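Engineer: Have a look at this one.
The values are calculated or read from the model by the stated rules, or taken from the named source; none is laboratory data. Small disclaimer: the values here were computed from a predicted structure and weren't measured. We place every Cβ from the backbone using ideal geometry, glycine too, and count neighbours over all the protein chains shown.
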């Protein structure tokens, strides 16, 4: 039973790996052609290009990544610091001494 | 720990701490920001834990101080977010002047938010370490 | 609508969670015993009021779009609230309030209650965020908030089974969220956008058969479905759920079985239309059928009260996924039935877990062998459990019957009568399983040491009885439920309207 | 054939292998981290532009913003990876603290042994 499970798991890992690798090697357009995106027959530019063009004037930050992190996508970062808070509370939960107050 | 490690870490501590503060304050100009900077500040205290043990580190930053820092950090983010509603129209909206591109006092609320996050990350990482090291 | 209501629905539980450790410190200093508990209840009531204030606007046919920091949709993050989201948000806020009231009584013997309520409010925040957001990466962030908080809550009592279940859920759940992240990464690399409406608009050309679907889109869809199915606990990915629900404190089990089930099903309902819009109906139907059958068969053999209920969660979630899958195969009734069943199931499954918790609280045991004859000691608990088990088995005057019947009709409407037959059979097996549970806990021989057991505390009984009343009311007047579910189903299908409201801007 | 993408996917597969086959909690946590790092590598590398520069306005590009915009790499994946790294740290901290607790109180890092204790 143990051996069957391990064999099944190995098959699963190999299948997922082959699938992902084949997918990755067929991505169009290839590595290094950032603003171009091809959806169907239409050639589009990625949203990232608009950030590069507008962010310095719109947010006044020289670091475009910062202007995304707290400007355009500030709500994400609020969520991110909430995850950090959650982890702190979780760790405190695991280590704070247990007292039964009857 | 040996005397070499102790002396080196004592001498290095202010520099690493200052470097972390620099990274936090210049988050909107150079690579870095609140998250890496906060981790660097926390790492300077963790280095003291490694060299001297947890008591000495807690003399520098006690558990209560770390909790207060955490609360101040959250409060900074919350207040700036709500200021966006009060003075503008939407949560987290930028209501401060943008300033000149590339100067330290620029980018409106981004720099302030990064300071809040820097405090919060420092406090959180320290609290996690203190909790894991306590018995 | 209260001004700023969309953001308040998320910020009220979030900032209450931030404040909770401080409240804990203050209550210790000034010796106010239950400050944390009632503060959590107040926060939930506030959330409920905010969410309810949005409902009339949304049911009036509008889609509320809230732009963070005043950045317009394809660049900034926005919240988009349509009738489907509002159904889920109302369920989360309502059931969350009742679970909080229940845990005021249930958790009173535990210390570290401030941490418990912080984590519980964070779970609520995460669920609200995932439901209301209009941005796919933001969905991932809030999914993680909800997940990390629930890992901690499951291990809250820190007994060996709790730690083991928490770690198991942590690894399997993180695998699922990693898949979701990889799927989002692939989607971004292909389309170059993260906004759900924008993605839906750009991927719409693949909906017909005119364009061949590229491999990366298929891979992205497969990973997303796998990730969501791990969170929903459909059968090949279900192994974390029974352990987690058995080991967690019962208030947490009720929270995860009722409100938290909503998140996964919400995304299953969105998935066929936005952002992918690819046909996934057959996959959903087969996964749903598999979980229904496996879940109920496993439930029949269980000897542990909460573990049996946990397997029924899997089985009943199968009904919902089946109904939504039938909906994408062209049966409106099926989709409505699936969403309606989500509403009903969240109510009675939370209630059943609360009954199990009340028994555990009074007797200290959740094994069938050690219990028996409690109907005399705890008549009200027995009554609510009876109502819940009749509802879950689909017996006519109760709400479970209405939604299950709608799904049966949906199966026939979609041209798959075999699905209907299997669903009826699973219902019968569910009834058998609950009959066994009811008779071995509340009827039969009462062991000697259980003679002096008392009825559950009033604060526990209040949410249980409230939910039982809702079960009966919806069962007698199903139109009430359809008034909520009908617009929700229409909104899920109306992807063009969603895209128009968000991208068109208001 | 894009080598970066393929290597990212291989890292993800390696992490998945580690998660499915290892019997030690610490190794499982390492597997999870490796897997997430693979995803981060994929995210970062898909925003690359041949011959690109960092998306930070410095020096002479301050006066020539259009030229900067046509040369810099995609800033959005970098912001996403920043978020995702912090989330991964949180999951690692949570998993480590539960593992430390299990090791201190039950004396084992093997999940199946903790399971046997609870039965």
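Engineer: Checking residue D:79 against (1) without any contact (Cβ under 8 Å) to a residue 40 or more places away in the chain; (2) farther than 28 Å from residue B:37 by Cα; (3) in a helix (DSSP H, G or I); (4) within 7 Å of another protein chain (Cβ to nearest Cβ), only one condition comes out false. Which one?
Structural biologist: Going through the list (1) without any contact (Cβ under 8 Å) to a residue 40 or more places away in the chain; (2) farther than 28 Å from residue B:37 by Cα; (3) in a helix (DSSP H, G or I); (4) within 7 Å of another protein chain (Cβ to nearest Cβ), residue D:79 breaks only (2).
Engineer: Test each condition in (1) more than 10 Å from chain A (Cβ to nearest Cβ); (2) free of Cβ contacts under 8 Å to residues at least 24 places away in the same chain; (3) under 27 Å from residue A:28 (Cβ atoms) for residue C:160 and report the one that comes out false.
Structural biologist: (3)
Engineer: Moving to a separate point now. Within the range C:202-219, track down each residue that is more than 9 Å from chain A (Cβ to nearest Cβ) and at pLDDT 85 or above.
Structural biologist: Across the range C:202-219, the qualifying residue is only C:217.
Engineer: Identify, please: which residue in the range D:28-48 is buried (at least 19 other Cβ atoms within 10 Å of the Cβ) and outside any helix (DSSP H, G or I) and is, among those, nearest to the other protein chains (Cβ to nearest Cβ)?
Structural biologist: Top of the filtered list is D:46.
Engineer: Moving on. Among the residues of the range C:199-221, which ones are closer than 25 Å to residue A:16 by Cα and not in a helix (DSSP H, G or I)?
Structural biologist: C:212, C:213, C:214
Engineer: Please work out if residue C:245 is in a helix (DSSP H, G or I) and either under 18 Å from the mean Cα position of the chain (by Cα) or at pLDDT 90 or above (or both).
Structural biologist: Numbers: in a helix (DSSP H, G or I): yes; either under 18 Å from the mean Cα position of the chain (by Cα) or at pLDDT 90 or above (or both): yes.
When the stated conditions are applied, residue C:245 passes them.
Engineer: Let me ask you something else. Starting from residues that are facing chain A (nearest Cβ under 7 Å) and buried (at least 24 other Cβ atoms within 10 Å of the Cβ), keep the ones in the range B:95-115 and report whichever is farthest from residue C:69 (Cα to Cα). Talk me through it step by step, then tell me what you get.
Structural biologist: Kept after step one, since they are facing chain A (nearest Cβ under 7 Å), are these residues of the range B:95-115: B:98-99, B:101-102, B:106-108, B:110, B:113-114.
After this cut, where a residue has to be buried (at least 24 other Cβ atoms within 10 Å of the Cβ) as well, the list is B:107, B:110, B:113-114.
Values: B:107: 14, B:110: 12, B:113: 13, B:114: 16 Å.
Step by step, filter the range B:95-115, then rank; the result is B:114.
Engineer: State all residues of the range C:463-477 that are more than 15 Å from residue C:345 (Cβ to Cβ) and surrounded by 19 or more Cβ atoms within 10 Å (Cβ to Cβ); if no residue qualifies, say none.
Structural biologist: Within the range C:463-477, C:463, C:464 qualify.
Engineer: Same structure again: Please specify each residue of the range C:1-14 satisfying the condition of being touching a helix residue (DSSP H, G or I) at 6+ places or on another chain (Cβ under 6 Å) and in a helix (DSSP H, G or I).
Structural biologist: C:5, C:8, C:9, C:10, C:12, C:13, C:14
Engineer: When residue A:38 is evaluated against the numbered criteria (1) surrounded by fewer than 16 Cβ atoms within 10 Å (Cβ to Cβ); (2) within 11 Å of chain C (Cβ to nearest Cβ); (3) more than 19 Å from residue C:199 (Cβ to Cβ), which criterion, by number, is the only one it fails?
Structural biologist: Every listed condition holds for residue A:38 apart from (3).
Engineer: Now a separate question. Kindly indicate whether any position in the range A:74-92 is surrounded by fewer than 24 Cβ atoms within 10 Å (Cβ to Cβ), modelled with pLDDT of 85 or more and over 20 Å from residue C:11 (Cβ atoms).
Structural biologist: Within the range A:74-92, one or more residues are surrounded by fewer than 24 Cβ atoms within 10 Å (Cβ to Cβ), modelled with pLDDT of 85 or more and over 20 Å from residue C:11 (Cβ atoms).
Engineer: Of all residues in the range A:54-68 being modelled with pLDDT of 85 or more and more than 7 Å from chain B (Cβ to nearest Cβ), which is nearest to residue C:139 (Cα to Cα)?
Structural biologist: Residue satisfying both the conditions and the ranking: A:68.
Engineer: Here are some conditions: (1) part of a helix (DSSP H, G or I); (2) over 21 Å from residue D:53 (Cα atoms). Residue A:38 meets all but one. Which one does it not meet?
Structural biologist: Evaluating residue A:38 over (1) part of a helix (DSSP H, G or I); (2) over 21 Å from residue D:53 (Cα atoms) leaves (1) as the failure.
Engineer: To continue, here is another question. Looking at the range C:47-67, can you tell me whether even one residue there is in contact (Cβ under 8 Å) with a residue 24 or more places away in the chain and out of contact with any helix residue (DSSP H, G or I) (no Cβ under 9 Å at 6 or more places or on another chain)?
Structural biologist: yes
Engineer: Is it the case that some residue within the range C:79-93 is in a loop (DSSP other than H, G, I, E, B), within 14 Å of chain A (Cβ to nearest Cβ) and touching a strand residue (DSSP E or B) at 6+ places or on another chain (Cβ under 8 Å)? Before you say what the answer is, go through the steps one by one.
Structural biologist: The first filter runs over the range C:79-93 and keeps only residues in a loop (DSSP other than H, G, I, E, B), leaving C:82.
Cutting the leftovers down to within 14 Å of chain A (Cβ to nearest Cβ) gives us none.
For the range C:79-93, residues in a loop (DSSP other than H, G, I, E, B), within 14 Å of chain A (Cβ to nearest Cβ) and touching a strand residue (DSSP E or B) at 6+ places or on another chain (Cβ under 8 Å): absent.
Engineer: Something else about it: If you go through the range D:49-78 one residue at a time, how many are closer than 25 Å to residue D:10 by Cβ, in contact with a strand residue (DSSP E or B) (Cβ under 9 Å, 6 or more places away or on another chain) and surrounded by 18 or more Cβ atoms within 10 Å (Cβ to Cβ)? I'd like the intermediate steps shown before the answer.
Structural biologist: Here is the first cut: in the range D:49-78, the residues closer than 25 Å to residue D:10 by Cβ are D:49-50, D:52, D:73-74, D:76-78.
Next, only the ones that are in contact with a strand residue (DSSP E or B) (Cβ under 9 Å, 6 or more places away or on another chain) stay: D:49, D:52, D:73.
Subset that is surrounded by 18 or more Cβ atoms within 10 Å (Cβ to Cβ): D:49, D:73.
Result for the range D:49-78: 2.
A quick yes/no check of all residues on (1) under 15 Å from the mean Cα position of the chain (by Cα); (2) over 30 Å from residue C:6 (Cα atoms); (3) away from chain A (no Cβ under 14 Å); (4) surrounded by 17 or more Cβ atoms within 10 Å (Cβ to Cβ):
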| site | (1), (2), (3), (4) |
| --- | --- |
| B:32 | yes, yes, no, yes |
| B:35 | yes, no, no, yes |
| B:39 | yes, yes, no, yes |
| B:45 | yes, yes, yes, yes |
| B:57 | no, yes, yes, yes |
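Engineer: To continue, here is another question. Tally time: how many residues in the range D:58-75 are at negative phi and either part of a loop (DSSP other than H, G, I, E, B) or modelled with pLDDT under 80 (or both)?
Structural biologist: Of the residues in the range D:58-75, the ones at negative phi are D:58, D:60-75.
Now restrict to residues that are either part of a loop (DSSP other than H, G, I, E, B) or modelled with pLDDT under 80 (or both): D:58, D:60-64, D:73-74.
Of the residues in that region, 8 qualify.
Engineer: Please go through the range D:1-27 and pick out each residue that is without any contact (Cβ under 8 Å) to a residue 12 or more places away in the chain, facing another protein chain (nearest Cβ under 10 Å) and within 19 Å of residue D:92 (Cβ to Cβ).
Structural biologist: Across the range D:1-27, the qualifying residue is only D:20.
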